[in-house]
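K.L.:
My questions will all concern the structure given below.
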Amino acid sequence: QVQLVESGGGSVQAGGSLRLSCETAGRAFLYMAWFRQAPGKEREFVAAMHYRGSTYYSDFVKDRFTISRDNAENTLNLQMNNLEPQDTAVYYCAVQRYGRGSYDFRSAYDYWGQGTQVTVSS
């Protein structure tokens, strides 16, 4: 069993920044990713990192969000800049071990964190 623990959520005004972190217990995974779920909507892909370092982003966060990995701290991070009200959602960290699907497929991920709330006001 893999436990993922997110932190760093909160409330900011539009244009502000937040940094999310996910403790990954030092394990290696094929992909590590961030998804988000807004009220009344399905969980959607935000960003992912392959274990070799390649990064992938959804179109709506490209150039505003940056996914990174801190090997010393065993964390996966998401730096979110220029936040918009439509970024309001619960953000989830997820990891994929065996390549069961594309990096942006929710069903391909094996373990999920409990989520952290991000609220952006206009």
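K.L.:
Considering only 43, 19, 27, give the residue with the highest GNM mean-square fluctuation for the chain, with springs between Cα atoms whenever their separation is below 10 Å.
P.N.:
27
K.L.:
With every protein chain present, what accessible area does residue 68 have (1.4 Å probe, heavy atoms only), rounded to the nearest 10 Å²?
P.N.:
In the full protein context, residue 68 sits at about 40 Å².
K.L.:
Compute the distance from the alpha-carbon center of segment 101-122 to that of segment 67-93, in whole Å.
P.N.:
10 Å
K.L.:
Let me ask something additional. Using the heavy atoms of the protein chains and a 1.4 angstrom probe, tell me the accessible area per residue for the chain in square angstrom.
P.N.:
Spelled out: the 1.4 Å probe surface of the chain, per residue, equals 52 Å².
K.L.:
Right, another one. Output wanted: per-residue J couplings in Hz (rounded whole) for segment 37-46, from phi through Karplus 6.51 cos²θ - 1.76 cosθ + 1.60, θ = phi - 60°, x for Gly and Pro.
P.N.:
Karplus values, whole Hz, x for Gly and Pro: 9, 8, x, x, 10, 7, 5, 10, 6, 10.
K.L.:
Here is a follow-up. Report the relative contact order of the chain, percent, no decimals, based on alpha-carbon pairs under 8 angstrom and at least 6 residues apart.
P.N.:
Relative contact order, the chain: 35 percent.
K.L.:
Give the long-range amide H neighbours of residue 65: residues separated by 5 or more places, or on another chain, with amide H under 5 Å away, using H modelled in the peptide plane at 1.01 Å from N.
P.N.:
Those lying under 5 Å, H to H, from residue 65 are 81.
K.L.:
Roughly what % of Cα-Cα distances in the chain sit above 25 Å, to the whole percent?
P.N.:
Numbers: 1104 of 7381 pairs.
Distances greater than 25 Å cover 15 percent of the Cα pairs.
K.L.:
Can I ask one more? Per residue of segment 93-106, in order, report the coupling 6.51 cos²θ - 1.76 cosθ + 1.60 (Karplus, θ = phi - 60°) as ³J(HN,Hα) in whole Hz, putting x for Gly and Pro.
P.N.:
After applying 6.51 cos²θ - 1.76 cosθ + 1.60, I find 8, 8, 10, 10, 9, 10, x, 7, x, 5, 4, 9, 8, 4 Hz.
K.L.:
Follow-up. Accessible area, 1.4 Å probe, largest first: how do 87, 63 sort?
P.N.:
63, 87
K.L.:
Ok, one more. Would you mind counting up the charge near residue 30? Only other residues with Cβ under 12 Å from its Cβ, with Lys and Arg at +1 and Asp and Glu at -1. Please list the in-between numbers first.
P.N.:
Working: positive: 27, 52, 97, 100; negative: 110.
Net charge in that neighbourhood comes out at +3.
K.L.:
Local charge sum around residue 118 (other residues, Cβ-Cβ under 12 Å, Lys/Arg +1, Asp/Glu -1)?
P.N.:
Once positives and negatives cancel, what remains is -1.
The values are calculated or read from the model by the stated rules, or taken from the named source; none is laboratory data. Remember, predicted model here, so these are calculated numbers, not experimental data. Don't worry about glycine lacking a Cβ; one is built from the backbone with ideal geometry, like all the others, and counts go over all protein chains shown. SASA here: full protein model, heavy atoms, side chains in, ligands and nucleic acids out. Shrake-Rupley method; radii C 1.70, N 1.55, O 1.52, S 1.80 Å.
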